[in-house]
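Written below as structure tokens is the structure these notes are about.
What follows draws every value from the coordinates through simple rules; no lab data is involved. These figures come from a predicted structure and were not determined experimentally. Using ideal geometry, Cβ is built from the backbone for each residue, glycine included, and neighbour counts are taken over all protein chains shown.
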Amino acid sequence: MDFAVGGQRGFAGTGGRPFDNNRPTVVLLHGAGMNHTVWALQARALAHHGRNVLAIDFPGHGDSAGPALTTIEALADWLLRALRALDVGRFRLAGHSMGSLVALEAASRAGAACEALALLGFVPEMRVHPDLLAAARSGAHLASEMMVAWSFKTLTGGNPAPGVFLPDAALRLIEQTPAASLAADLAACDHYAGATAAAGAVRCPVLLLSGAQDRMTPAAKADSFAGNFAQGRSVVLRGCGHMLMVEQPVLVLDSLYTIL
């Protein structure tokens, strides 16, 4: 569905169900270089089990107009403006990777309006390797290749469905994102330093969901950070790396049902 923020077009997937403000609203936020489609299975399942789903495309990604925003704080502000434009007064947030930082920052500003928070592939300091930053800033295809190489448990596929090669699908997805948007995303992650302060302002239940083989955002860092929340708990899923929503979609969905 389309919406407008500051006169610019935004887009959100609704999981195949019409937007309905009478149901609890779950907002799903994608990571760097991605778009709303990374949440395809979870969005559809949640939408068909009593939730109102908004899988958001950030500015400069998917079907939302650019340019991309350059800080986590600016993305959080944009998100809250988008929810106001959609007349969503109370909501539950789930974010992956960069989206987890945006979800945390938005939750810290939203107060009681945020009823629950799920942070997937999260670490409080999401530093980006200098080689990846340099490749992204130059627009080199190497940036996409590096992200995919570090995002999955293995590069041999990892999907039980015959013919589905997840790393190649992820590469095609990142290739659709403008190079400037990917560079802005990675710089925003690298510069964000507000996680501890934001966590102290969050009062709703919080789930930190990590992949046991995640090399980009190691599970141990999320696990140790859970105590910064008033109601935080950490869950580590076996058999997946950073792209846990597609590597272990059912386990992720089961975990999300417990909080969203």
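Please give the Cα centre distance for the stretch 130-154 versus the stretch 8-32, rounded to the nearest Å. Spelled out, the Cα-based centre of one part sits 28 Å from the other.
Please find, in a Gaussian network model of the chain (springs between Cα atoms separated by less than 10 Å), the residue of Thr196, Thr25, Thr177 whose mean-square fluctuation is greatest. Top of the fluctuation ranking is Thr196. Listed from fewest to most Cβ neighbours within 10 Å, the set Glu73, Glu125 follows the order Glu125, Glu73. List every residue whose amide H lies under 5 Å from the amide H of Arg215, counting only residues 5 or more places away in sequence or on a different chain, with H placed 1.01 Å from N in the peptide plane. When sequence neighbours closer than 5 places are left aside, the close amide H contacts are His242. Listing Phe122, Phe11 from fewest to most neighbouring C-beta atoms within 10 Å gives Phe11, Phe122. Where both partners of a DSSP beta bridge lie in the chain, what percent of those bridges are antiparallel, to the nearest 5? Roughly 20 percent of the DSSP beta bridges within the chain come out antiparallel. Note on Leu186, Leu75, Leu120: ascending count of other Cβ atoms within 10 Å places them as Leu186, Leu75, Leu120, the fewest first. 3J(HN,Hα) along the stretch 128-137: 10, 4, x, 5, 5, 4, 5, 5, 5, 5 Hz, from the Karplus curve 6.51 cos²θ - 1.76 cosθ + 1.60 with θ = phi - 60°, whole Hz, x for Gly and Pro.
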